[in-house]
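All of the numbers you see were taken from the coordinates with simple rules; none came from a lab. Note that the structure is a prediction, hence the values are computed from the model and not measured. Neighbour counts are summed over all protein chains in view; Cβ atoms, including those assigned to glycine, are modelled from backbone coordinates with ideal geometry.
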């Protein structure tokens with residue numbers, strides 16, 4: 001039985017470099033950086049070793065109506081902003097609510113709500129803890145609130161697999177559409193955890209860059225002098241539907257999601273497998289699902305967080321799949337511009353990958369100083385033309401817990 005082709009009909013994003021998907025894409029092509037010094041009293045109060053991050057360029061509570069924003073953790077606020085943009089971009093599909101689903105993701109969930117409630121409990125007592133605390137902090141809050149807002153009754157599912165979360169949610173959405181569980185799915189991911197606890201924790205494990213004097217150039221994927229990732233925040237959303245459904249309603253189509261692969265390393269809770277076995281298998285599964293071969297791939301959006309160990313391990317994994325050809329494929333490491341959105345990062349990079357195929361251009365990787373010989377990807381500080389003809393791309397996401405998720409995208 002032939003599986004239905006799944007297409008992207010709407011996109012939305014709120015990122016460190018733009019308040020919308022088009023603004024984020026334009027800034028990415030222009031080589032913008034979203035990393036900035038943090039202007040909060042708690043940076044000095046807690047003497048944090050890292051004093052910068054890639055905050056979202058537009059605060060979600062300035063976009064949403066105040067009563068709505070007050071009942072949502074920032075992570076759910078970002079999700080709703082991006083989803084409303086994507087839904088409008090898709091032409092507000094007229095779909096039976098029981099055929100509309102939500103596949104959404106977050107790595108951590110409502111951290112700000114949780115920790116603010118703890119502070120309130122300690123300082124003011126239990127009567128002052130808000131009754132909406134649990135519905136705001138739960139990891140499935142974003143999916144639930146999107147289901148409520150758009151009337152999605154087919155399902156509202158949540159993935160929480162660290163930094164692989166939203167790529168996995170997109171893969172799930174494709175499978176749910178192909179299984180006939182829905183006609184349209186709102187898919188994506190969100191994160192908002194730029195908080196003293198997470199900065200202190202990631203700093204303690206030496207995962208964050210410490211270039212406090214030059215935040216804009218701190219994220220340096222592939223560079224020999226990289227020293228860690230830059231924490232980011234925001235959300236991105238894809239409206240996915242079967243091609244038959246999209247064409248029947250005359251929707252514009254950005255591109256197709258041909259499939260995906262999800263695996264686990266079973267190696268270490270925070271470190272990825274240095275042999276790249278699980279990651280390579282995720283790429284191979286994704287290409288099998290897409291009925292494609294490594295020779296068909298014309299672009300790669302790498303996970304490439306700018307950590308000393310992670311970048312070379314990803315190269316090892318891709319080398320196992322593509323052989324020497326991996327050095328010829330245009331690769332983009334977009335976290336150099338956006339920072340790392342954790343559970344939201346895969347969805348944002350999915351948006352960038354779809355637009356790269358549409359516009360036939362691989363976005364630049366900024367801050368590439370001297371390229372590390374152990375990471376000899378074909379990276380460029382300038383946009384790289386992909387040429388004419390059919391384009392096929394993969395987007396990689398790998399997360400704590402040994403999670404690997406890869407999605408395959410195609411031009412139309």
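What the Cα atoms of segment 120-228 give is an Rg and a Dmax of 19.2, 53 Å.
With the cut-off at under 20 Å, measuring from each backbone N in segment 31-52 to a point 7 Å along the Cα-to-Cβ line of residue 359 picks out 31-35.
Relative contact order of segment 6-410, please, whole-number percent, based on alpha carbon pairs below 8 angstrom and at least 6 residues apart.
So the answer I get is 24 percent.
Estimated from helical segments only, the mean residue ellipticity of the chain at 222 nm is -10000 deg cm²/dmol, where each DSSP H run of four or more residues counts as -39500 (n - 2.57). Label separation (residue 214 vs residue 269): 3.6 nm, computed from points 7 Å beyond Cα along the C-beta direction.
Equivalent ellipsoid of segment 251-348: semi-axes from √(5λ) of the C-alpha gyration tensor, largest first, are 21, 18, 15 Å. Is segment 299-359 best put as rounded, prolate or oblate by its Cα gyration tensor, with a ≥ b ≥ c the root eigenvalues, rounded for a/c under 1.5, and otherwise prolate when a/b is larger than b/c, oblate when not? The shape class here is oblate. If Rh is defined by the Kirkwood formula over all Cα pairs and Rg also comes from Cα, what ratio Rg/Rh do you get for segment 234-288? For segment 234-288, the value is 1.18. Each residue, residue 120 and residue 388, gets one label point 7 Å from its Cα in the Cβ direction; the gap between the two is 6.1 nm. Annotation: the residues 44, 55, sorted from fewest to most other C-beta atoms within 10 Å of their own C-beta, follow the order 44, 55. Extension gain for the segment residue 65 to residue 374, taken as residue separation times 0.36 nm less the Cα-Cα distance, is 106.4 nm to one decimal.
Fraction of C-alpha pairs exceeding 43 angstrom in the chain: 6 percent, rounded to a whole number. The relative contact order of segment 133-290 comes to 19 percent, based on Cα pairs under 8 Å that sit 6 or more residues apart. The separation of segment 207-221 from segment 64-86, counted between C-alpha centres, amounts to 29 Å.
Length gained on full extension, residue 40 to residue 3, computed as 0.36 nm times the residue gap minus the Cα-Cα distance: 8.2 nm. Go ahead and run the numbers for FRET between residue 92 and residue 26, Cβ-Cβ distance against an R0 of 25 Å, rounding to 0.05. Rounded to the nearest 0.05, the efficiency is 0.55.
Relative intensity of segment 253-412 on a log10 scale, I(q)/I(0) at q = 0.10, 0.13, 0.16 Å⁻¹, equals -0.30, -0.52, -0.83, per a Debye sum over C-alpha point scatterers of equal strength in the absence of solvent.
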